[in-house]
Structures are given as structure tokens and as C-alpha cells.
Amino acid sequence: MRPVVYLLAAIGGDGRERDMLLGAGAGEGPAVRVGDEGLDREGLWSAAAAVAGRITGARAVAVHGEASLSTVVAVVGGLLAGVPVVPVPADAAAAERRHIVRDSGAELWLGTPQEGTDLPAVPVDPAERSSHTVPEPPSEAAALVMYTSGTTGPPKGAVLSRRAVAADLDALADAWDWTPDDVLVHGLPLFHVHGLVLGVLGALRVGGPLVHTVRPSPAAYAAAAEKEKGRLFFGVPTVWSRVVRDPASARALSGARLLVSGSAPLPDTVADGLRAASGHHPVERYGMTETLITVAARADAPRRTGWVGTALAGLETRLRGEHGEPVPSDGESIGELQVRGATLFDGYLGLAGATAAAWTDDGWFRTGDAAVRDTDGWHRIAGRMSVDMIKTGGYRVGAGEVEAALLGHPAVREAAVVGEADDDLGQRIVAYLVGEGIDPGAVLDFATARLSVHKRPREVRVVDALPRNAMGKVQKKLLGGAHG
Ligand code: MLC
Ligand code: AMP
């Protein structure tokens, strides 16, 4: 068997022993397992090299983001080829898929062909082996274009450079003492930052094994803890809340080294429940598609329930008021959290105006999250600045995108979409509709054809009128139970 470093040096094309982004890693045994399928490191690199050989020179490639080993091979293939990878949500409706493919300029489709795209499909076979080599791209080259919702309009493509991804993963490895000995376990979607960047590229860069459970169910996490000796577990708060409600699975996690929660607020009751049931107090971390993870609790720091941690290496944070005035870091005052540093995206693809609006005049990224910072530099996330940004099960959903889909139905005259408090999902999507003869079931069916599963309203409430202020603006905070 050829040594792994030989393959990597070959892929680097210039004798370098380490891929800038993916790391060389080390060791025998499986590098990545997704469900029942696995590959060791050499197998992964040479299957990915086969993909790289087919796509080199493409402007960008779309990858069907299903939870499978093929998806991992496709993404690594894109990174080895230096072709920006555009992960497409596995549950996307055809119209969303069409938007992402067109907007990103992807020229090829990697993985099982799906409705809504007529791009040439490139086969991805984890069993294939190739020693195809491509010179390593510069660190400022785009690694990923990740589509994410704003408060209005269709999803925007956030361009993430190889350097930003590498900087974030190194900072997290430092914060969590993440080493090649850590068997990482999670079952999060492979088309978002959490599951793909941290959950796949993180393990590859650190050089430790990944066990992906396909779905993030408590039973699957427990099985991976017992059979695969999982040490590091990632989940969104909905996952941890479900673990708490399954005491046998929670107990099975007691031998882990670290449980990590992120992507949405972790309720204190869930953190406390997890500690009681598994013996672990989870660490939290906070981030966004546009910034990657910027704030995290360190593995070696005392746990503070309700606080997400301190700025990662290479990052700075500050709080600003409504008119840009400084807000003190006194552990109480709330301001908009602004960040700058090595992990930030390059901008929204093709949207210079939206990109410029995302930064302050003096170069800080506006997160749109309200936060508190204390004198030790710890952060507590107090909520979103806008009610129009919903987090449901850890998925970010812009109310405007859902409203636009609902307004396409002929019976719907007005629509207001809100996130209402939900014990399981954090927020659940509820649509308030005004119109003549609305059949809620028919409207949901209509939305189903246009929105990915997690963006669909869980409930439709037909009302006579929406509450509006004197200016005619909808007062979402007056709609039952909405918060934001
Ligand atoms: C869901 N279902 C619906 C529905 N919504 N059916 C009808 N109408 C709707 N509106 C279906 C689902 O398809 C599923 O069906 C079943 O109902 C159960 O749905 P669920 O309760 O939502 O459970 P599940 O599908 O298991 O989803 C929960 C979850 C998921 C936690 C597994 O929300 C999840 O994977 N979240 C992670 C999101 C994430 O990774 N975010 C990171 C963003 S990056 P069926 O048939 O499939 O069972 C980021 C940066 C950072 O935020 O900081 O990390
Ligand atoms: P996304 O772009 O999908 O990555 O979503 C980013 C948003 O998720 C942030 O702007 C926050 O609102 C939210 N978020 C991420 N991590 C946390 C956390 N630990 N606590 C609270 N909110 C979080």
C-alpha cells in the first residue's frame, strides 16, 4: 500500500506533504463512515481523486447533499480539484434546486441526478481508485458556496475560501483539544456549515475518524458511542433535547470526551437535563454560514450554561447599538454582535449590494444577532435582531422566502410567517394567511412543491386580517406566540 503522504504529495503536485485545507491526517482504519459504508484515508483520497479528474477546470460543481459516503467523496473531490463546491440541500424542492444551480454557475452535478437541474451528471463511486493529480489551489480560492436564507428574497450564495475554512477548523481544534484520537460522531445534514464544514472537513483536517449516523437520532448516537467508541459528538439543540428525552441513549454517551451544541440557542433545561442524564455538560459554540464558527466555549474552561463562549483565535467581536454606538461588555447590555477575522466569507455571490450591506463602514460583519458580552469576553446570544429570521431544528429560514412561496397560491392575498416557540424545534414555522376560501391543506401542498422540507410551515392559521401599524407594516410580534 502506498503511504498516504505519497498520495497527498502527489495531489499537491509540488512535494508538499499536507493539503492546505484537508490536512494529511495519519493512521490506518476508516477515515469516514456514513451509515454502513466506510473508506480508509487512502481510499477516500483516491476515490476523490477520480472525481477531481472528471471536474478539473469547471467553474463550480453542485453536489447533491444527501447523507451518504458519495457526498463526502464528491466534496473532497471538488476541494482536491480546486473547484468551488456548491452543496445542494437533499430535501430541496425543484425550484430551490434550480435557483441554487443557476445562481452559483455550477457546471456539473455530482451525485444522483434530481429534478430541477439539467446539468451534466458526474458519477461518484466510493469504490473507484485514481492517482489523478491537480496542483493545490491558492488559499484564497473558493472552497464552498453555501446557500443561506436572508430575511427576504431567495437564498444567497456565501463564498467561503479555503483559508477561511482552514482557519476556522484550526481554531476549533485548539478550543476543543481536538486530536486524531477523537472519533467524531454526528448525523447532521451534509449541506450546511455544521454537518459539512465542522462535521466532515473538521475530521479530515484534524486527522481523526468520522462516524456519520445518517440521521441524528439518540439511538444512533448511543450505538456509535458503544460500538465505534465515539468521543466527540456534535448536535443542534433539537438533537440534544431528544437525547435528554431518551435516558438510555443519554447514558450511553457517558464515556464520551465532549458533547458540542450549536446552530441554535440551547435551552438551559436541555443543558441541565443532558448533564443529569449523561454526566456531560455540553460546550456551546456560535456561528453563521457567512462567518463560520466565531465564538466557542473551550473544552478546558468551566462550563457556563446559557453562554456560548469566547472569540476563537483569529477573531474579534464587538457589540453595537441601533445607531452604531458602542455597547459596553458588562454582562448585561444587549447590542448587535459584530465580528471580524480570518474565518469570514468573501461575500454573497454576484450580490455586491447585499455584501456591502453586511459589513459596517469600518469593516465589521453584522451578524444580525443580539448578544451580551461580559468582562471576561464570554458571549450570551439574546436572540435575533429580526423576527423574520427563523431557526427551526437548527435550520435557518427566512420568513420572506416562505411568504413569497405562499403568496403564489391564488387564494392567498396576504401572508405573514413567524417562528413560534416549540419545545422540540426551538421555533416552529407558522403561517398566518388572509384570503378568500383558503383551504389550509391545499396551501400546504402548494408550498410543499416550492420549499424544502424544513422551510414548510408546520401550521397554517387563516385570519381575517394581519395586525398592522399606522404605516401599514405587519406587526409580527402581535401574532400569537411569535418571538424573535
Ligand atoms: C418536517 N416534516 C414535515 C414538516 N417538517 N412534514 C410536514 N410538514 C412539515 N412542515 C417531516 C420530516 O420530513 C420528517 O419526515 C418528519 O416530519 C419529522 O420531522 P422533524 O420533527 O423535523 O424531525 P427530523 O426530520 O428528524 O428533523 C429534526 C432534526 C433536523 C434536528 C434532525 O431539524 C436537523 O437535521 N437539523 C439540523 C440543521 C442543521 O444542521 N443546521 C446547521 C446550519 S449551519 P421523515 O419522513 O423524513 O421522517 C449553522 C452554523 C452553525 O447554523 O452555527 O452551526
Ligand atoms: P446559519 O447561517 O444557518 O448558520 O445560522 C446562523 C444563525 O444561527 C446565527 O445567526 C444565530 O442566530 C444562530 N446560532 C448559531 N449558533 C448559535 C448558538 N450557539 N446559540 C444561539 N444561536 C445560534
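The values are calculated or read from the model by the stated rules, or taken from the named source; none is laboratory data. Owing to the predicted nature of the structure, the values given are computational and were not obtained by experimental measurement. Counting neighbours? That spans all protein chains shown, and the Cβs are built from the backbone with ideal geometry, glycine included. All accessible areas refer to the heavy atoms of the entire protein, side chains included, with ligands and DNA or RNA removed. Shrake-Rupley method; radii C 1.70, N 1.55, O 1.52, S 1.80 Å.
Per-structure values
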item: Pairs, first aromatic (Phe, Trp, Tyr) in the stretch 133-148, second in a strand (DSSP E or B) and away from ligand 2 (no atom under 16 Å from the Cβ), C-beta under 8 Å, six or more apart; result: none
item: Condition met for LEU108 (closer than 18 Å to LEU204 by Cα and either modelled with pLDDT under 95 or not acidic (Asp, Glu) (or both)); result: no
item: Qualifying positions in the stretch 443-484 - closer than 25 Å to PHE191 by Cβ, under 24 Å from the mean Cα position of the chain (by Cα) and not polar (S, T, N, Q); result: ALA447, ALA449, ARG450, LEU451, VAL453, HIS454, LYS455, ARG456, PRO457, ARG458, GLY484
item: Sole exception among (1) under 30 Å from ARG303 (Cβ atoms); (2) out of contact with any helix residue (DSSP H, G or I) (no Cβ under 7 Å at 6 or more places or on another chain); (3) touching a residue at least 60 places away in the same chain (Cβ under 8 Å) for ASP424, by number; result: (2)
item: Subset of the stretch 261-282 that is hydrophobic (A, V, I, L, M, F, W, C) and near ligand 2 (Cβ under 10 Å from one of its atoms) - its residue that is farthest from the chain's Cα centre (by Cα); result: LEU266
item: Odd one out for ARG205 among (1) near ligand 1 (Cβ under 9 Å from one of its atoms); (2) touching a helix residue (DSSP H, G or I) at 6+ places or on another chain (Cβ under 6 Å); (3) assigned to a helix (DSSP H, G or I); (4) not aliphatic (A, V, I, L, M); result: (1)
item: Tabulated pairs, the stretch 278-295, first on the phi > 0 side of the Ramachandran plot, second more than 8 Å from ligand 1 (Cβ to nearest atom) and open to solvent by 10 Å² or more (accessible area, probe 1.4 Å), C-beta under 7 angstrom, 6+ apart or interchain; result: GLY279/SER254
item: Residue list for the stretch 382-404, filter: within 21 Å of LEU444 (Cβ to Cβ), open to solvent by 30 Å² or more (accessible area, probe 1.4 Å) and assigned to a loop (DSSP other than H, G, I, E, B); result: ASP388
item: Extreme residue, farthest from ligand 1 (Cβ to nearest atom), among residues of the stretch 296-308 that are in contact (Cβ under 8 Å) with a residue 60 or more places away in the chain and surrounded by fewer than 23 Cβ atoms within 10 Å (Cβ to Cβ); result: ASP300
item: Sole exception among (1) at negative phi; (2) within 16 Å of ligand 1 (Cβ to nearest atom); (3) buried (at least 21 other Cβ atoms within 10 Å of the Cβ) for ALA256, by number; result: (2)
item: All helices (runs of 4 or more DSSP H) inside the stretch 20-120 with 3 or more residues being open to solvent by less than 20 Å² (accessible area, probe 1.4 Å) and over 18 Å from LEU190 (Cα atoms); result: 41-55
item: Total residues in the stretch 235-253, condition within 13 Å of ligand 1 (Cβ to nearest atom), assigned to a helix (DSSP H, G or I) and over 16 Å from LYS391 (Cα atoms); result: 2
item: Single residue of the stretch 392-407 satisfying the filter (within 13 Å of ligand 1 (Cβ to nearest atom) and under 20 Å from HIS192 (Cα atoms)) that is farthest from the chain's Cα centre (by Cα); result: VAL402
